[in-house]
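One structure below.
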Amino acid sequence: AQSVTQLGSHVSVSEGALVLLRCNYSSSVPPYLFWYVQYPNQGLQLLLKYTSAATLVKGINGFEAEFKKSETSFHLTKPSAHMRDAAEYFCAVSVPSGGYQKVTFGTGTKLQVIP
Amino acid sequence: ETGVTQSPTHLIKTRGQQVTLRCSSQSGHNTVSWYQQALGQGPQFIFQYYREEENGRGNFPPRFSGLQFPNYSSELNVNALELDDSALYLCASSLLAGAYEQYFGPGTRLTVT
């Protein structure tokens, strides 16, 4: 069985500061990993994905994440926070399970950006 | 290329009633998954349909059922609604093969009173 743990349900950063959102996963097989962003009253938008190619993955809006197998982590970073980055972020793991890809989401981290 | 759409946007139902939520998948996608997202939680997998057959299910009771149509649109049906069914219901379409990148619709907010 796979699982995702997002450390910190709320993270606050100042505008222009580094954003670091933490995600640790558990999986018995090599997983696909994803970060999604959700703005209020909207669905989820894919930020980036890891699919066993490069361990450093670049996504949209200046975000990137690094897959570290030894630490079972896939933390999301952005060098400089912008007000528009305020949203909720979800990490997800996807593994094959009896003929389909089972996707498990973390509980989310709400990012607050302070002017 | 159109994205994933869902209807209705909001819905209020009474405990014990039945509800049908609808989803139109992104063009070219043959797989649809449904998720329940309770307030303050991450999405929970309900089930997945591939070529009109259910091929995966999460930990949800049988009163949650679905259909996928030949044009890859789909429905989520919930019978005997309970107060705990109040949530945002998300539909996501994808191609079964490959990196399994999912594209989400905006969701349907269901309130059960």
Can you find, within the stretch A:67-90, the residue that is nearest to the other protein chains (Cβ to nearest Cβ) among those that are closer than 27 Å to B:Ile46 by Cβ and touching a Leu at 6+ places or on another chain (Cβ under 7 Å)?
A:Phe90
Go through the residues of the stretch B:77-84 one by one and say whether even a single one is of a type in the set (D, E, K, R) and modelled with pLDDT under 95.
no
Verdict on B:Gln36 being more than 9 Å from chain A (Cβ to nearest Cβ), at pLDDT 95 or above, surrounded by 14 or more Cβ atoms within 10 Å (Cβ to Cβ) and in contact with a strand residue (DSSP E or B) (Cβ under 7 Å, 6 or more places away or on another chain)
yes
Of all residues in the stretch A:1-41, count the ones that are touching a Leu at 6+ places or on another chain (Cβ under 9 Å), buried (at least 20 other Cβ atoms within 10 Å of the Cβ) and within 10 Å of chain B (Cβ to nearest Cβ).
5
Can you give me the number of residues within the stretch B:76-92 that are within 14 Å of chain A (Cβ to nearest Cβ) and more than 10 Å from the chain's Cα centre (by Cα)?
1
Going by the conditions given, is B:Ser73 under 14 Å from B:Gly28 (Cα atoms), within 11 Å of chain A (Cβ to nearest Cβ) and out of contact with any helix residue (DSSP H, G or I) (no Cβ under 7 Å at 6 or more places or on another chain)?
no
Taking the stated definitions as given, is A:Gly98 surrounded by 14 or more Cβ atoms within 10 Å (Cβ to Cβ) and of a type outside the set (Val, Ile, Thr)?
no
Evaluate the stretch B:100-112: report whether one residue or more is among the acidic types (Asp, Glu) and touching a residue at least 12 places away in the same chain (Cβ under 8 Å).
no
When residues of the stretch A:42-58 are filtered for being at the interface with chain B (Cβ under 8 Å from one of its Cβ atoms) and either in contact with a Pro (Cβ under 8 Å, 6 or more places away or on another chain) or not in a loop (DSSP other than H, G, I, E, B) (or both), how many remain?
6
Do we find that A:Glu64 is more than 10 Å from chain B (Cβ to nearest Cβ), under 18 Å from B:Glu101 (Cα atoms) and in contact (Cβ under 8 Å) with a residue 12 or more places away in the chain in this structure?
yes
Give me the pairs: first residue in the stretch B:49-60 and among the acidic types (Asp, Glu), second residue assigned to a strand (DSSP E or B), beta-carbon distance under 8 Å, and six or more apart or on different chains, which are they?
B:Glu52/B:Leu67; B:Glu52/B:Gln68; B:Glu53/B:Gln68; B:Glu54/B:Phe47; B:Glu54/B:Gln48; B:Glu54/B:Gly66
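The values are calculated or read from the model by the stated rules, or taken from the named source; none is laboratory data. All of these numbers come straight from a predicted model, not from anything done at the bench. Virtual Cβ from ideal backbone geometry, glycine too; neighbours counted across all protein chains shown.
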